[in-house]
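**Q** The structure under discussion is supplied below as structure tokens; questions concerning it will follow.
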Amino acid sequence: MNRIAILTGGGDAPGLNAVIRAVVKTAIGEYGWDVLGVRNGFDGFVSQGGVFPLSINEVRGILQRGGTILGTANRGNPFARKVMKDGVEIVEDTSQQVYDRIRSLGLDALIVVGGDGTLGIARDLHDIGVPVVGVPKTIDNDVSCTDFTFGFDTAVVTATEAIDKLHTTAESHHRVMVVELMGRDAGFITLYAGIAGGADVILIPEIPFRFEAVCAKVQHRIMRGSFFSIIAVAEGAHPLGGEQVVARQGDAVYIQRLGGISQQVADFVSLNCQVETRVTVLGHLQRGGSPTPFDRWLATRLGTAAVRAVANAELGKMVAMRGDNMVMVPLTEVLAQPKRVDIDGDAVRTARDLGISLGN
Ligand code: F6P
């Protein structure tokens with residue numbers, strides 16, 4: 001009998017539980033394997049009670065639940081684990097410990113569900129001999145070699161609903177509403193939700209913007225008799241020649257957090273366009289909630305395909321969605337280049353054709 005384990009790492013995304021359910025149901029029901037769950041990302045391998053058996057019972061009723069029943073961590077890189085010792089931050093390499101634990105558990109494969117950070121750790125573990133299969137996850141949709149990641153669709157729905165709601169109040173009060181959405185280096189959520197929600201300005205990290213161009217769009221609308229505007233801005237958007245706005249620097253407890261660009265845009269617009277502005281930062285609402293049917297469907301297919309990949313000994317690879325197919329891509333290829341919005345692609349072109357300002 002084979003034995004596999006599954007862990008979820010990095011920021012959570014709606015659909016993680018659907019993957020776990022699909023892996024457990026397929027591995028136990030179809031192949032008769034043992035499945036172990038690892039708590040809180042790779043940390044579970046080095047913590048008491050961090051690895052436990054998963055049966056069909058544990059995955060009943062979780063398909064529609066957001067979050068992850070395994071827990072997750074976005075600071076648990078075993079090759080560079082940041083810990084506080086005597087009040088000082090130190091970096092420890094605990095990869096040998098993790099490797100030994102995986103060997104002692106007799107795992108035939110470890111299924112790692114995560115974004116590019118977590119998948120990078122999976123690749124490094126594979127390089128030292130751990131048999132891994134990756135499953136791409138992130139609301140940001142910024143993992144290469146797959147058409148979409150699960151979690152993205154749910155986040156876009158949440159963001160679009162927010163923009164819809166801001167529209168009615170913006171129009172009633174003749175205000176400019178600036179909504180800040182997630183996306184450190186990739187503007188997919190902002191671009192997709194901005195187009196779907198009918199935003200007037202969309203600012204994404206891939207296209208450095210000019211404050212004056214944002215103002216020009218708002219003023220142009222006012223001249224045409226539209227006394228309100230919606231500006232959708234990704235947290236990682238930044239002005240031409242300027243830096244991303246950091247809300248909190250990283251330390252041993254926190255990773256660096258972005259935030260604040262929406263307030264800067266709002267301040268500039270209210271000062272220069274003589275119009276009232278309000279800011280909404282949607283934050284972690286975008287990571288929560290029940291996955292959409294599309295995300296459940298994608299996560300379920302990725303989970304079953306990951307188990308088939310283990311059965312076919314396709315290790316060191318990630319399951320990816322290409323059109324209507326699930327394909328296997330080497331992790332080295334996935335991680336060679338980050339996925340970003342194609343600034344010459346059709347989505348950006350669509351926005352421009354609609355008269356949406358991208359701030360440049
Ligand atoms: O990677 C997904 C993401 O939602 C980013 O867009 C965002 O910057 C980050 O997570 C925030 O994560 P956390 O608050 O968990 O550190």
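Taken together, the values in this text are just the output of simple stated rules run on the coordinates, not laboratory data. Everything numeric here is computed off the predicted structure, so don't read it as measured data. No Cβ is skipped: glycine too gets one built from the backbone with ideal geometry, and neighbour counts run over all protein chains shown.
**Q** Share of antiparallel DSSP beta bridges in the chain, in percent to the nearest 5? Don't skip to the end; give the middle numbers.
**A** Numbers: 16 of 49 bridges.
In the chain, DSSP labels about 35 percent of beta bridges as antiparallel.
**Q** Normalised radius of gyration for region 129-182, please: alpha carbon Rg relative to 2.2 N^0.38 Å, two decimal places.
**A** On the way: Rg = 17.2 Å, N = 54, 2.2 N^0.38 = 10.0 Å.
Here the Cα radius of gyration is 1.71 times the empirical estimate.
**Q** Hey, another quick one. Subtracting the Cα-Cα distance from 0.36 nm times the residue separation, let me have the gained length for Ser172 to Val83 in nm, one decimal. Walk me through the numbers before you get to the answer.
**A** Details: separation 89, 0.36 × 89 = 32.04 nm, distance 5.07 nm.
Computed gain between Ser172 and Val83 is 27.0 nm.
**Q** Would you calculate the separation in nanometres between label points at Asp100 and Asp324, each defined as 7 Å from the Cα along the Cα-to-beta-carbon direction?
**A** Label-label distance for Asp100 and Asp324, simple model: 5.1 nm.
**Q** Report the gain in length on full extension from Ile56 to Ile255: 0.36 nm times residue separation, minus Cα-Cα distance, nm rounded to one decimal.
**A** Length gained between Ile56 and Ile255: 68.1 nm.
**Q** Quick query: amide H of Lys137 versus all other amide H atoms, modeled in the peptide plane; which residues come in under 5 Å with a sequence gap of 5 or more or a different chain?
**A** Gly114, Gly115
**Q** Counting alpha carbon pairs within less than 8 Å and at least 6 residues apart, what relative contact order, in whole percent, applies to region 1-102?
**A** 31
**Q** Now a separate question. Might you report the magnitude of the Cβ-based charge dipole of region 1-128 about its Cα centre, with Lys and Arg at +1 and Asp and Glu at -1, to the nearest 20 debye?
**A** The calculated dipole for region 1-128 is roughly 380 debye.
**Q** So what is the orientation-averaged projected area of region 247-360, using the convex hull of its C-alpha atoms, in nm²? Provide the component values of the computation, followed by the final result.
**A** Working: hull surface 48.1 nm².
For the Cα atoms of region 247-360, the hull's average projected area reads 12.0 nm².
**Q** Using R₀ = 45 Å, calculate the FRET efficiency as 1/(1 + (r/R₀)^6) where r is the Cβ-Cβ separation of Asn360 and Asp93; round to 0.05. Walk me through the intermediate numbers first.
**A** Values: r = 43 Å, r/R0 = 0.96.
The pair Asn360/Asp93 has a calculated efficiency of 0.55.
**Q** Let me ask you something else. Regarding region 46-92, what are the three Cα extents along the principal axes, ordered largest first, in Å?
**A** The Cα atoms of region 46-92 stretch 43, 21, 18 Å along the principal axes, largest first.
**Q** I've got another one for you. Please report, to two decimal places, log10 I(q)/I(0) for region 258-320 at q = 0.27, 0.28 Å⁻¹ as given by the Debye formula with identical point scatterers on the Cα atoms and no solvent.
**A** Result of the Debye calculation: -1.06, -1.09.
**Q** How high is the FRET efficiency between Ser47 and Asp346 when r is their beta carbon distance and R₀ equals 56 Å, given to the nearest 0.05?
**A** Result of the calculation: an efficiency of 0.75.
**Q** Pairs of Cα atoms under 8 Å, at least six residues apart: use those to get the relative contact order of region 10-167, whole percent.
**A** On the way: 240 pairs, mean separation 33.8, N = 158.
For region 10-167, the relative contact order is 21 percent.
**Q** Could you work out how far the C-alpha centroid of region 183-225 sits from that of region 262-294, in angstrom?
**A** 11
**Q** If a helix is a whole DSSP H run, which ones in the chain reach 15 Å or further along their own axis (Cα) and hold a mean Kyte-Doolittle hydropathy of at least 0.0?
**A** Values: long enough: 116-127 (16 Å, -0.48); 152-173 (31 Å, -0.09); 211-223 (18 Å, 0.39); 261-273 (18 Å, 0.63); 293-311 (27 Å, 0.34).
For the chain, where a helix must reach 15 Å along its axis and average at least 0.0, the hits are 211-223, 261-273, 293-311.
**Q** Okay, moving on. What nm value, rounded to one decimal, do you get for the distance between Leu285 and Ile69 when each label is placed 7 Å out toward the C-beta?
**A** For the pair Leu285/Ile69, the computed spacing is 2.9 nm.
**Q** What ³J(HN,Hα) values, in whole Hz, does the Karplus curve 6.51 cos²θ - 1.76 cosθ + 1.60 give for region 45-54 when θ = phi - 60°, with x put for Gly and Pro?
**A** Couplings: 6, 10, 10, 4, x, x, 10, 8, x, 10 Hz.
**Q** Something else now. May I ask for the Rg/Rh ratio of the chain, computed from Cα atoms with Rh as the Kirkwood radius, given to two decimals?
**A** Rounded to two decimals, Rg over Rh is 1.02.
**Q** Also, I was wondering about something else. Considering only region 65-223, what is the antiparallel percent among its DSSP beta bridges, to the nearest 5?
**A** 45
**Q** Return a whole-number percent for the relative contact order of the chain, with Cα pairs under 8 Å and 6 or more residues apart as the contact set.
**A** Relative contact order comes out at 21 percent.
**Q** Taking the Cβ of Ala336 as the centre, find all other residues whose Cβ is under 12 Å away and add up their charges (Lys, Arg: +1; Asp, Glu: -1).
**A** 0
**Q** Also, quick follow-up: Would you work out the charge dipole size for the chain about its Cα centre, treating the Cβ of every Lys and Arg as +1 and the Cβ of every Asp and Glu as -1, and quote it to the nearest 20 debye? If you can, show how the numbers build up before the last one.
**A** On the way: 34 positive and 39 negative charges, 122 e Å.
Its charge dipole is roughly 580 debye.
**Q** Quick one: grab the alpha carbon gyration tensor of region 142-231, order the square roots of its eigenvalues as a ≥ b ≥ c, and give me rounded if a/c is under 1.5, else prolate or oblate depending on whether a/b is larger than b/c. Let's see the in-between values first.
**A** Details: a/c = 3.11, a/b = 1.64, b/c = 1.90.
It is oblate, given that a/c is not under 1.5 and a/b is not larger than b/c.
**Q** Hey, for a label at Ala213 modelled as a point 7 Å past Cα toward Cβ, could you say which residues of region 334-350 have their backbone N under 19 Å away?
**A** The answer is 340-350, whose backbone nitrogens lie closer than 19 Å to the label point.
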